[in-house]
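Notes follow the structure.
The values are calculated or read from the model by the stated rules, or taken from the named source; none is laboratory data. Just so we're clear, the structure is a prediction, and the values are computed from it rather than from any experiment. Note that each Cβ is placed from the backbone with ideal geometry, even for glycine, and that neighbours are counted across all protein chains shown.
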């Protein structure tokens, strides 16, 4: 079966660091994406991991361990505008022909002054 | 602003109406997607088009009918919808369905069924 878990909500303080975890169990794996979605807006792409390790992109970093079915998104120097929902999504091989994206439940992050 | 354009932004329709949602991208992407998103829930995949051919239908009811007239356009035709179909409908595109290319999402159409 397909299962992608994230914490439902998190709260952090402006200027701090926050780590959002994602665990997954999927029938196939062909990469993991993190998206940010502000209320009423489109999801926007943040990062992609297909090999184990850390990918860094400015204030955002994402880590993947395929053997553990685990990823995290690290946000540094938090800003108020980082308050949003963060979606973990696994690209699953759909019968070998077409990959499809399976989204986790999403984590609503609230950044407080 | 996103590079995937969806129209209309809002749509209110009765259960007997027929309407269409439109999606357009000019990034040369050959994969396009329709998702449904309910409030405080993640997007749920409905359809995938690859090179203008339907490659995935996630057991979506026939009252939703997708169409891909060309590589830049994706439509979703709606007929006899139910109140539970009220949601945000998101279109996305990617270079292909393979590899590391991310999907780029439009701002969505917020659909309300009366």
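Annotations for the structure displayed:
- Counting only strands (runs of 3 or more DSSP E) wholly contained in the stretch B:7-114, the ones carrying 3 or more residues that are surrounded by fewer than 19 Cβ atoms within 10 Å (Cβ to Cβ), touching a residue at least 40 places away in the same chain (Cβ under 8 Å) and touching a strand residue (DSSP E or B) at 6+ places or on another chain (Cβ under 8 Å) occupy B:10-13, B:18-25, B:73-79, B:109-113.
- Test for residue B:21: is it closer than 18 Å to residue A:42 by Cα, away from chain A (no Cβ under 13 Å) and within 14 Å of the chain's Cα centre (by Cα): yes
- The lone exception for residue B:41 - which of (1) closer than 29 Å to residue B:114 by Cα; (2) at pLDDT 95 or above it fails: (2)
- Output for the stretch B:5-26, where each listed residue is under 27 Å from residue B:99 (Cβ atoms) and either modelled with pLDDT under 95 or in contact with a helix residue (DSSP H, G or I) (Cβ under 8 Å, 6 or more places away or on another chain) (or both): B:26
- Looking across the stretch A:14-39, just one residue is exposed (fewer than 13 other Cβ atoms within 10 Å of the Cβ) and within 11 Å of chain B (Cβ to nearest Cβ), and that is A:39.
- If the condition is being farther than 19 Å from residue A:63 by Cα and in contact with a helix residue (DSSP H, G or I) (Cβ under 9 Å, 6 or more places away or on another chain), then the stretch A:1-45 contributes A:12, A:14, A:38.
- Qualifying positions in the stretch A:40-83 - part of a strand (DSSP E or B) and either on the phi > 0 side of the Ramachandran plot or surrounded by fewer than 14 Cβ atoms within 10 Å (Cβ to Cβ) (or both): A:53, A:54, A:56, A:57, A:65
- Qualifying residue in the stretch B:65-87 (condition: within 26 Å of residue A:86 (Cβ to Cβ) and either away from chain A (no Cβ under 11 Å) or modelled with pLDDT of 95 or more (or both)): yes
- The set of residues in the stretch A:1-36 being under 20 Å from residue A:77 (Cβ atoms) and without any contact (Cβ under 8 Å) to a residue 40 or more places away in the chain is empty.
- Every listed requirement among (1) in contact with a helix residue (DSSP H, G or I) (Cβ under 8 Å, 6 or more places away or on another chain); (2) free of Cβ contacts under 8 Å to residues at least 24 places away in the same chain is met by residue A:53 save one, (1).
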